[in-house]
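One structure below.
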Amino acid sequence: MGSANGNGDVMTVESQRGSLGKGRRFAILGGGPGGLAAAAFIQQRGLGDVVLYERSDRLGGLQHSLEFDGRHFDVGTFLYSEDHGLLQAFPHLREIMVPIEYRPKSITPKGSVVNYPFSLKGYVRDEGALSTMLAAGELLYSKLRFFRRASVADFARYYMGGRVYRQTGLQHYIHRLHDVPDCDLDVYFAQTRLHTIQRLSFRSLLMRAASRGYRKQKRSEFRDRLVRPAAGFPFMYDTIEDELIKQGVTINKGCQVDHVTSLSPGFEITTPAGTEVFDELISTVPVPVMKRLLGDKTVSSVENRDLISLFYEGNISNKSSVYFNFTFEAKWKRVTVFSRFYGGSPDYFTVEITTDRATDEQVQQVARQFEDHAARYQLVDGSPKLLGHFITPRAYPVFRAGQMGRVEAEKEQLVRQGIRLLGRQGNFDYIISDRVAQKAERLIDQMATEAVR
C-alpha cells in the first residue's frame with residue numbers, strides 16, 4: 001500500500017523510503033513526555049524525519065492543567081529537577097519554569113502533619129515510647145519472616161516492620177495509589193517505585209537519629225525543584241510543539257490512528273487522512289491499544305486505573321504545598337496547593353483520587369468524602385469550594401501479583417514485530433516523567449547505534 005505525493009501520484013513503499021534525504025523515517029505514537037522527548041533526541045542526533053501522532057487535541061499526556069478564573073490547576077503534582085530528562089530534551093524550558101522549595105507533608109492517622117513519608121519524631125509522638133520499642137523488636141522479626149519480599153506488603157514489612165507499616169498509615173496510602181490492596185500488588189512495583197521505603201526505613205531512621213549528622217541529613221533530605229510555568233501546561237507544551245516543528249518534526253494532533261501494519265522491516269500507519277510508511281515505530285500508547293492497532297483481538301492482561309482530579313479554592317491550614325493522606329480514612333491520596341507555587345488568595349489546590357473506572361456519580365461521592373475528611377483533620381479552614389474536576393483514563397498501570405509474566409509476554413510480542421516501547425503506558429512502566437525522558441534518550445541512542453552497524 002502507498003500514499004499520494006503532492007502531485008496526486010501514488011508512492012510505493014520503496015519510493016517513500018527512497019525519497020528521504022536525511023535518513024530514516026520515524027513514527028511516534030503518543031504526544032506525552034516520552035514521545036516528545038524521543039522526537040527531540042532524534043532531531044538532535046540527525047537520525048531522520050519524525051512524524052508524531054497524538055489522538056488528543058493537546059500534547060503532554062498525563063501532564064495537564066485546566067484554567068478556572070485565570071488560575072491553572074494541574075491534574076496532579078509534577079516536579080522537575082535541574083537535570084530532569086525533559087529539560088535535557090528541551091533545555092530552553094528552564095527559562096520559563098518556576099523554582100520552588102519542595103517540602104511535602106503527610107497527614108498521619110492521629111492527625112499530625114509530619115515530613116513525608118513519616119518521621120521518627122512524629123511516630124514517637126503519635127504512638128508513644130513503648131510502641132516504638134515494640135516496633136523495633138518487630139522489625140527484627142520481619143527481617144526473617146519477610147526475607148523473600150514476594151509482594152509489596154512483604155517488601156514494606158521487611159524494611160519497616162509490620163507495626164510501623166500499619167501505624168504510620170503507609171499501608172493505607174499504598175492501597176490508595178492503585179485502589180488495590182498491597183497484598184495484591186507485585187513486588188516489581190515496590191522495587192521500581194518504593195525506594196523511599198528503603199531509604200527511610202525504620203532502621204535507617206533509628207540509625208540517623210543516633211548519629212550526630214542526623215539534623216544535617218534531615219535538612220537536605222528534600223531538594224529544591226522546578227514546576228511548570230504559571231501560565232499552565234498548555235503554554236509549556238505549546239512551546240515544546242513550536243520548537244519541534246521548527247526542527248522539522250511533523251505533529252498530528254487530534255489524529256486517530258486506525259491501523260498499523262508490520263512490513264518486516266518497516267510499518268504502515270493508516271489514519272483517516274491516508275497511509276504512510278515508516279522505517280521505525282515508537283509506541284507510547286497503552287499496550288492493549290497497540291495490540292488492537294495491529295489487529296490483535298486477544299484479551300490483554302494489562303490493567304490500569306483512572307485518576308479523578310478535584311479542583312478547589314479555600315484556605316489550607318498548614319503552610320506546605322503538597323500533602324499526602326496517610327490516615328485510615330477517605331480515598332483521596334494527595335493535595336497539591338498551587339497558590340504556594342504561584343501566589344494568589346484564597347488558596348487553590350487539586351485533590352487526587354485513584355479509582356477503577358471513574359463515573360460522575362463517583363466524583364460527587366469522593367468530593368463529599370474529601371470535604372468531610374479535610375474538616376475532621378483541619379486541613380482546610382472552613383468549607384472549600386469545588387470549582388470542577390477532570391478524569392484521566394488509564395492514568396496508572398496496576399502491577400497485580402501473578403500477572404506480570406503475561407504482561408511481559410504481550411510486550412515481547414510487540415517487540416518481536418520491531419516496535420519500540422516507551423513510557424508509562426507504552427512500556428507498562430510506572431515511572432515518573434524524568435525517567436521516561438531519560439529512557440527515551442537511551443532508546444534513541446540505541447537505535448542510532450543499531451543504524452551504524
Next item on the list: Treating cross-link reach as a plain straight distance, find the aspartates and glutamates whose alpha-carbon is under 16 Å from the alpha-carbon of K385, omitting any fewer than eight places away in the same chain.
Entry: E67, D69, E313, D347, E352, E371, D372
Margin query: Keeping every protein chain present and rolling a 1.4 Å probe, give me the accessible area per residue for the stretch 60-114 in Å².
Written below: 39
Margin query: How tilted is helix 129-145 with respect to the longest principal axis of the chain? Cα atoms for both, answer in degrees (0 to 90, nearest 10).
Written below: 50
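Working out 0.36 nm times the residue gap between A136 and K110, then minus their Cα-Cα distance, what length gain in nm do you get to one decimal?
On the way: separation 26, 0.36 × 26 = 9.36 nm, distance 2.01 nm.
Contour length minus the Cα-Cα distance gives 7.4 nm.
What number, rounded to the nearest 500 deg cm²/dmol, is the helix-based mean residue ellipticity at 222 nm of the chain, given -39500 (n - 2.57) per DSSP H run of at least four residues and division by all its residues?
Values: 19 runs with 178 residues, N = 453.
Helices in the chain give a 222 nm mean residue ellipticity of -11500 deg cm²/dmol.
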Item checked: Charge-dipole axis of the chain as Lys and Arg at +1 and Asp and Glu at -1 on Cβ define it, positive-most pick from V363, S119, H175 -> S119
Check: Please identify the trypsin sites (Lys or Arg not before Pro) of the stretch 270-319 that satisfy two criteria: DSSP loop assignment and at most 12 other Cβ atoms within 10 Å. Which are they?
Finding: K297, K319
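Taking the stretch 352-437, which trypsin sites (Lys or Arg not before Pro) meet the DSSP loop condition and have no more than 15 other C-beta atoms within 10 Å? Intermediate results must be reported in sequence, preceding the final value.
Working: sites: R357, R368, R376, K385, R394, R400, R406, K411, R416, R420, R424, R435; in loops: R357.
Taking the stretch 352-437 and a limit of 15 other Cβ atoms within 10 Å, the loop trypsin sites (Lys or Arg not before Pro) found are R357.
Provide the percentage of antiparallel DSSP beta bridges, counting only those with both residues in the chain; round to the nearest 5. Walk me through the numbers before you get to the answer.
Numbers: 52 of 72 bridges.
Counting DSSP beta bridges with both partners in the chain, the antiparallel share is about 70 percent.
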Checklist line | Distance-filtered residues of the stretch 57-91 - backbone nitrogen under 20 Å, label point 7 angstrom along I432 Cα→Cβ | finding: 60-65, 74-91
Checklist line | Label zone at Q403, where the point sits 7 Å out along the Cα-to-Cβ direction: the stretch 136-178 residues whose backbone N lies under 17 Å | finding: 151-153, 175-178
Item checked: Principal-axis tilt of helix 233-246 within the chain, Cα atoms, nearest 10 degrees -> 30
Checklist line | Label-to-label distance, nm, for residues given as E82 and K246 (7 Å Cα→Cβ offset) | finding: 2.5
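What FRET efficiency do you get for A273 and R58 if R0 is 22 Å and r is their Cβ-Cβ distance, rounded to the nearest 0.05?
Details: r = 19 Å, r/R0 = 0.87.
Efficiency, rounded to the nearest 0.05: 0.70.
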Margin query: I need the chymotrypsin sites (Phe, Trp or Tyr not before Pro) found in the stretch 347-422, filtered to DSSP loop residues with at most 16 other beta carbons within 10 Å of theirs.
Written below: none
Item checked: Acute angle (nearest 10 degrees) that the helix 404-416 long axis makes with the longest principal axis of the chain, alpha-carbon atoms -> 20
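Would you mind getting the accessible area per residue of the stretch 218-344, heavy atoms of the protein chains only, 1.4 Å probe, in Å²?
Numbers: 4960 Å² over 127 residues.
Accessible area per residue, the stretch 218-344: 39 Å².
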Next item on the list: Work out how much length R125 to R292 would gain on full extension: take 0.36 nm times their residue separation and subtract the Cα-Cα distance, in nm to one decimal.
Entry: 54.7 nm
Item checked: Estimated FRET transfer efficiency (E95, D224; beta-carbon r; R0 22 Å; 0.05) -> 0.85
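The values are calculated or read from the model by the stated rules, or taken from the named source; none is laboratory data. Only a predicted model underlies this, so the values are computations on that prediction, with no experimental measurement involved. A quick note on method: Cβ atoms are made from the backbone with ideal geometry, for glycine too, and the neighbour counts reach across all protein chains shown. For accessibility, only protein heavy atoms count, side chains too; no ligands or nucleic acids. Shrake-Rupley method; radii C 1.70, N 1.55, O 1.52, S 1.80 Å.
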